[in-house]
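**Q** I'd like to ask you about the structure that follows.
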Amino acid sequence: MKNLILLSALLSAPLMGSEFISPSGLEEACHVASISGTNQGIEYSLKDLKKQKKLCKMDFHSSENQYKYKGVKSKLAVCPKVKNTSPALEVFVLKAETDRDQFLASECGNKIKATAKKLAKFKVSTSCGYVPSMLGYYHIGRLLNIGNVPVAVYRTLDLREHIKKAEFGVELTKGFSGWLPKNWVTLTQQLKSGSSKLVNESKDQSFGALLDNPKGELSYSAMFGSGTSGYLKTKFYKQAKKRGEITKQFSKSLSNIGSIFALKDFTDMLIIDAILSQFDRYGNANAYQYYYFFENGELVEEKFKKEDPAQVALMKSKGARLVKRLLLKDNDCGIAFRNRTLEDGALKKIRHYSKETFDKLASLNEKMSDPSFVSFLKNNLKFKDSDVAKVRANTASVYNLIHKGVESGKVFLDLNPAEFK
């Protein structure tokens with residue numbers, strides 16, 4: 001009851017944020033998106049709300065022990081990203097004995113940093129990245145209850161400080177192969193030119209999404225297959241296309257609940273990627289593990305704890321099943337890019353969806369015409385008018401396609417794990 005009261009209070013809270021002072025005296029801002037009014041259908045957990053607040057307490061510049069981590073005030077350090085393709089800044093919390101200046105000077109270029117733990121990433125609209133997509137996946141993902149997307153908040157950064165970090169990124173990746181060193185050069189040029197995609201109207205701050213860094217996830221290559229449109233060749237796609245009710249493939253038994261969750265997550269992924277015009281899903285799907293069992297007729301979920309024999313024994317006594325659940329990471333490349341999911345016609349042959357997801361999709365389709373919700377997208381998630389129009393059209397297309405299939409009897413809303421007892 002205590003948590004429910006706290007959650008209720010947080011849900012009714014206005015736009016919240018934090019301000020930080022850069023070394024040159026410029027005031028930076030971090031905003032936790034408003035969650036009141038017409039967007040009450042978004043299901044944020046208490047954990048989500050706490051993470052939003054924690055992200056907005058990260059001072060990129062302070063050399064003091066100012067950030068509370070596991071109950072201890074600690075130092076933070078910000079480094080340029082030195083792996084994969086997109087340039088970003090990574091926020092680390094340092095161990096007590098670690099000297100911050102020494103860390104920044106000698107550890108930022110290392111891919112493995114034993115003296116620190118990565119907490120978050122700051123990303124902007126460069127390369128295959130777009131800030132409204134990063135923020136949109138988190139909030140719309142919660143509204144649809146899809147993909148366990150990492151928490152994201154809006155953050156600004158003193159442009160001069162960002163340029164310094166970008167130049168450091170160029171230096172650290174010089175001689176690297178692949179796209180990352182080129183993208184660091186491009187980002188540096190964009191920041192210096194004051195590109196409107198990255199810099200505010202006053203030309204003194206960059207803006208972007210500060211994203212929570214997931215921990216303990218597993219690879220889930222079976223979800224996206226091999227290659228940019230590899231999901232069309234996965235076993236999940238083949239199963240989701242089969243005619244007739246899902247019980248023709250899987251009997252209603254707890255032993256099959258993992259397969260039903262996998263199909264639900266797969267079709268959910270296609271829905272949100274179609275809505276938000278995702279162009280780069282390949283490689284960007286991971287998983288957490290959860291135990292599922294029934295107690296007093298209700299489906300119970302418990303997150304898997306690594307190296308916990310007591311939990312293993314308890315779950316075995318309850319007959320629980322260990323199941324992979326989708327985690328959608330790196331949702332940068334959406335909205336402003338080609339819609340690979342719709343272009344591939346990925347949803348046209350799908351015959352099985354979750355009823356819960358479909359009902360939430362119907363609600364989103366209505367919200368896209370609600371002026372208050374549109375205002376939320378534009379003011380809090382930084383959607384442009386063209387972004388709103390595109391997402392509205394995509395949502396209507398996806399909803400109408402599935403609704404038509406349900407009405408015709410060709411599509412079934414039968415990916416409902418709670419029915420598999």
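**Q** In deg cm²/dmol and to the nearest 500, what is the mean residue ellipticity at 222 nm of the chain if only DSSP H runs of at least 4 residues count, each as -39500 (n - 2.57), divided by the residue total?
**A** -11500 deg cm²/dmol
**Q** Expressed as a whole number of Å, what is the distance separating the alpha-carbon centroids of region 271-331 and region 67-96?
**A** 26 Å
**Q** At a 10 Å Cβ-Cβ cut-off, how would you order Y67, Y220, fewest neighbours first?
**A** Placing the least packed residue first, the sequence is Y67, Y220.
**Q** By how many degrees, between 0 and 90 and to the nearest 10, does the Cα long axis of helix 257-275 differ from the longest principal axis of the chain?
**A** The angle comes out at about 60 degrees.
**Q** So for V185, V32, fewest C-beta neighbours within 10 Å to most, what's the order?
**A** Starting with the residue having the fewest Cβ neighbours, the order is V185, V32.
**Q** Separate question: Report, in degrees rounded to the nearest 10, the 0 to 90 angle that the Cα long axis of helix 46-55 makes with the longest principal axis of the chain.
**A** So the inclination is approximately 20 degrees.
**Q** Return the sequence-ordered ³J(HN,Hα) values of region 156-173 in whole Hz as given by the Karplus equation 6.51 cos²θ - 1.76 cosθ + 1.60 applied to θ = phi - 60°, using x for Gly and Pro.
**A** Running phi through 6.51 cos²θ - 1.76 cosθ + 1.60 with θ = phi - 60° gives 10, 8, 3, 4, 5, 5, 5, 4, 4, 5, 5, 5, 5, x, 4, 5, 5, 9 Hz.
**Q** Follow-up. Take the residue pairs K233/K316; K215/K390; K95/K192; K248/K367; K75/K165; K174/K378 and return only those whose Cα atoms are more than 27 Å apart.
**A** From K233/K316; K215/K390; K95/K192; K248/K367; K75/K165; K174/K378, over 27 Å: K233/K316; K215/K390; K95/K192; K248/K367; K174/K378.
**Q** Any idea what diffusion coefficient region 2-212 gets from Stokes-Einstein, in µm²/s, Kirkwood Rh on alpha carbon pairs, 20 °C, 1.002 mPa s?
**A** Answer, rounded: 119 µm²/s.
**Q** How large is ³J(HN,Hα) for each residue in region 126-138, as worked out from phi by the Karplus curve 6.51 cos²θ - 1.76 cosθ + 1.60 (θ = phi - 60°), to whole Hz, x for Gly and Pro?
**A** 9, 6, 8, x, 8, 4, x, 5, 4, 6, x, 4, 5
**Q** According to the square roots a ≥ b ≥ c of the eigenvalues of the Cα gyration tensor, what is the shape class of region 218-419, taking rounded for a/c under 1.5, prolate for a/b larger than b/c otherwise, and oblate for the remainder?
**A** Prolate shape, in that a/c is at least 1.5 and a/b is the bigger ratio.
**Q** May I pose another question? Could you line up Y288, Y138 from fewest to most neighbouring Cβ atoms inside 10 Å?
**A** Taking fewest neighbouring Cβ atoms as first place, the list is Y288, Y138.
Bear in mind these aren't lab numbers, they're just calculated from the coordinates by the rules spelled out. Keep in mind the model is a prediction, meaning the values are calculated, not measured. We place every Cβ from the backbone using ideal geometry, glycine too, and count neighbours over all the protein chains shown.
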